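The structure appears right after this line, and notes come after that.
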Amino acid sequence: MIRMGVLASGRGSNLQSLLDAERGGELAAETVVVCADRPDAPALLRARERAKPGLFLDPKSGRARLGPEVEREFVSVLEAHDVQWVVLAGFFRIVGAPLLDAFPNRVVNIHPSLLPSFPGLHAPRQALEAGVRVSGCTVHLVDAGVDRGPILAQRVVEVEARDTEAELSARILDQEHQLLVATMHRISTVGFRLEGRRVHWNDDV
Ligand code: GRF
């Protein structure tokens, strides 16, 4: 049973899927603390509703990249809760060396596209504008880049002819919820090794 720390900035529906799966006994991983960079992030309420610590950590700047001091504060909180894996679940900040060195290859991100296509903001909108016929979502290890790093799992979502951004986003989000839970469960129960950028699950044949 791995101990997860979840970082979120807003809605927190991916966090909710982890909490629900944990409660339903479908996830061999426990969320032990949730940290947000906004005091009003609904993710914090979702954590507290399940009696989990939901902590606001002041980013002290509007910049996309967390400052190293602030990032060290996140690390202290995560370490104080004996976190083993960090999940960025809708955390709208770029993390760097303090977090990545404290949790080497143990920081996971969920992104609403089939990476390496459409990194960054508004991935479903980018997919529609590019005219691709399939998009989806990706769970990957976080490295020093943005929305890159070894890919753990992906799900494909078809783009329908008349899709709006909201419709495509909603279908992708539904898959994100399932994929994030399945991937964290697999990390906890199966594990993987890295060969360059490739992830080999221990039960791969
Ligand atoms: C998700 O689409 C996730 O892939 C992206 O940000 C969104 C967060 O949604 N990184 P939520 O806060 O989990 O509801």
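A few points about this structure:
- Candidate set from segment 21-33 (those that are more than 25 Å from S76 (Cα to Cα) and over 16 Å from the mean Cα position of the chain (by Cα)); member that is farthest from the ligand (Cβ to nearest atom): G25
- Checking V108, V139, V134 one by one, the residue that is touching an Asp or Glu at 6+ places or on another chain (Cβ under 9 Å), among the β-branched types (V, I, T) and surrounded by 12 or more Cβ atoms within 10 Å (Cβ to Cβ) is V139 and no other.
- Hits in segment 154-195 - residues which are free of Cβ contacts under 8 Å to residues at least 40 places away in the same chain, within 23 Å of L99 (Cα to Cα) and surrounded by fewer than 19 Cβ atoms within 10 Å (Cβ to Cβ): G191, R193, E195
- Exclusive hit being assigned to a loop (DSSP other than H, G, I, E, B), within 13 Å of the ligand (Cβ to nearest atom) and among the hydrophobic types (A, V, I, L, M, F, W, C), set L180, L114, L173, L168: L114
- When A127 is tested against the conditions (1) closer than 24 Å to E30 by Cβ; (2) in a helix (DSSP H, G or I); (3) within 16 Å of the ligand (Cβ to nearest atom), the lone failure is (1).
- Top-ranked residue in segment 1-52 [being among the acidic types (D, E) and not in a strand (DSSP E or B); ranked as surrounded by the fewest Cβ atoms within 10 Å (Cβ to Cβ)]: D40
- First in segment 84-112 and of a type in the set (F, W, Y), second anywhere and part of a loop (DSSP other than H, G, I, E, B), Cβ under 6 Å, 6 or more apart: W85/R106; F91/S9; F92/S9
- Residue check, E30 modelled with pLDDT of 95 or more and closer than 15 Å to A89 by Cα: yes
- Residue within segment 88-110 that is within 18 Å of E158 (Cβ to Cβ) and either of a type in the set (A, V, I, L, M, F, W, C) or more than 9 Å from the ligand (Cβ to nearest atom) (or both) present: no
- Residue selected from segment 66-87 under the condition within 16 Å of the ligand (Cβ to nearest atom) and in a strand (DSSP E or B), by the criterion surrounded by the fewest Cβ atoms within 10 Å (Cβ to Cβ): V86
- If you check V33, V87, V107 for being under 19 Å from H185 (Cα atoms) and in contact with a Phe, Trp or Tyr (Cβ under 9 Å, 6 or more places away or on another chain), only one passes: V107.
The values are calculated or read from the model by the stated rules, or taken from the named source; none is laboratory data. Everything numeric here is computed off the predicted structure, so don't read it as measured data. When we count neighbours, we look across all protein chains shown, and the Cβ atoms used for this are built from the backbone with ideal geometry, even at glycine.
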